[in-house]
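Take a look at the structure set out below.
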Amino acid sequence: MNTLGRCAVVAVLIATAAFPASAKRKAHHAPTPNKGHLEAATRLQIFLDRANFTPGKIDGRYNEVTKKALALYRESRGEQAQTAPSRSNAKSNAAPDVNGLDLASAEPVFIPYTVNEADLQSIGPLPKDAAQQAKLKFLPYRDPADALAEKFHSEIHFLEQLNPGKFKAIKPGDQLMVPNVEPFDLASVKEIKPGSEVTSQAANEMEDQADAQSGTPAENPTVAGGVAIKIDTKSNILGVYQGEKLIAAYPVTVGSTQTASPIGEWKVRHITKMPTFRYDKEMLQHGKRSGNFHLLPPGPRNPVGVMWIALNKKGIGIHGTNEPGSIGHAASHGCIRLANWDVVRLATKIKSGDNVSIH
């Protein structure tokens with residue numbers, strides 16, 4: 001089966017099998033920590049997010065991804081590696097050692113934000129069925145809460161905690177409290193450089209470059225000690241390196257045991273903003289390309305999100321997602337998936353020809 005086809009299909013299935021956003025927000029959640037604990041944890045998450053060692057969705061907890069991000073941030077500063085916490089401790093909400101961190105730079109932790117018309121422009125009906133999605137010109141956010149949570153890199157339930165009762169009917173002019181991160185601006189995705197212009201051609205239909213050498217050890221011919229990506233499939237972390245120095249790290253979802261992400265040395269081939277995607281059910285069921293397919297339009301709830309970073313391994317890309325909650329949890333079918341706010345930041349740090357190691 002073509003791996004990229006699998007990536008597209010599985011991403012769609014994740015979206016179509018998911019419960020509606022309103023149902024998700026009624027799901028069981030762990031007990032809410034006290035105000036001081038929540039603020040301290042959020043401060044650390046904001047600090048790491050600003051430093052490009054992102055903790056995944058901000059939720060006001062010392063979760064496992066936050067602790068991984070903290071360890072990588074310390075590594076980037078040349079600090080001695082700390083003993084990895086036990087799995088039980090990593091998943092607990094206990095505070096890690098934050099000595100030496102300039103957490104005051106993350107003040108104020110929460111800031112007021114006034115909802116505007118632009119925040120609600122990319123919201124609309126989102127059918128579950130791929131055939132119905134293909135009839136749209138744009139795959140929008142499901143509701144205002146979905147859009148605002150992505151804008152502020154946050155878990156929806158967390159924003160509801162900060163704004164009791166306000167998320168039931170959000171409208172322009174409403175004032176919310178939000179974490180003090182750099183907002184993800186959907187409209188600015190088209191301005192991201194480097195990368196291709198917005199194209200109607202499906203990302204998985206683009207031809208490989210003639211000089212792509214799949215599987216050969218990569219060398220960057222343009223910059224000595226240039227930028228390289230290293231993806232650890234065990235820890236679900238994508239690291240960005242300038243020479244030998246770690247300069248950024250993002251949580252990712254990688255392939256499953258059955259359809260593993262391809263171990264090896266690859267290169268960035270091209271970057272597509274706001275991609276269109278080809279959904280072929282026959283490819284999922286029988287591994288054969290068919291004439292019965294649907295072209296899914298661009299949008300934040302496209303199965304591969306707002307950015308596709310193609311590698312010179314046919315069928316494999318680094319891309320965004322329509323379900324931020326799946327990052328680090330659900331298994332993809334070979335591709336590397338990031339939150340939309342992280343994939344656009346990654347795209348500003350790399351270019352065609354940069355090295356990608358999957359190990």
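Cβ-Cβ distances below 7 Å connect the following pairs, each with a first residue in segment 172-183 that is under 17 Å from residue 109 (Cβ atoms) and hydrophobic (A, V, I, L, M, F, W, C), a second residue that is open to solvent by 60 Å² or more (accessible area, probe 1.4 Å) and outside any loop (DSSP other than H, G, I, E, B), and a separation of six or more residues or different chains: 176/166; 177/112; 181/50.
Name the residues in segment 227-245 that are in contact (Cβ under 8 Å) with a residue 12 or more places away in the chain, basic (Lys, Arg) and over 14 Å from residue 266 (Cα atoms), would you?
Just the residues of segment 227-245 that are in contact (Cβ under 8 Å) with a residue 12 or more places away in the chain, to begin with: 227-233, 235-245.
Checking the rest, the ones that are also basic (Lys, Arg) come to 230, 245.
Correct list: 245 only.
One residue stands out among those in segment 117-135 that are in a loop (DSSP other than H, G, I, E, B) and open to solvent by 60 Å² or more (accessible area, probe 1.4 Å): the one that is nearest to residue 294 (Cα to Cα), which is 135. Counting only helices (runs of 4 or more DSSP H) that fall entirely inside segment 3-115 and contain at least 2 residues that are modelled with pLDDT of 95 or more and under 22 Å from the mean Cα position of the chain (by Cα), the qualifying elements are 35-50, 64-76.
The values are calculated or read from the model by the stated rules, or taken from the named source; none is laboratory data. All figures in this text were calculated on a predicted structure; none of them were measured in a lab. Backbone-built Cβ (ideal geometry, glycine too); neighbour counts: all protein chains shown. SASA here: full protein model, heavy atoms, side chains in, ligands and nucleic acids out. Shrake-Rupley method; radii C 1.70, N 1.55, O 1.52, S 1.80 Å.
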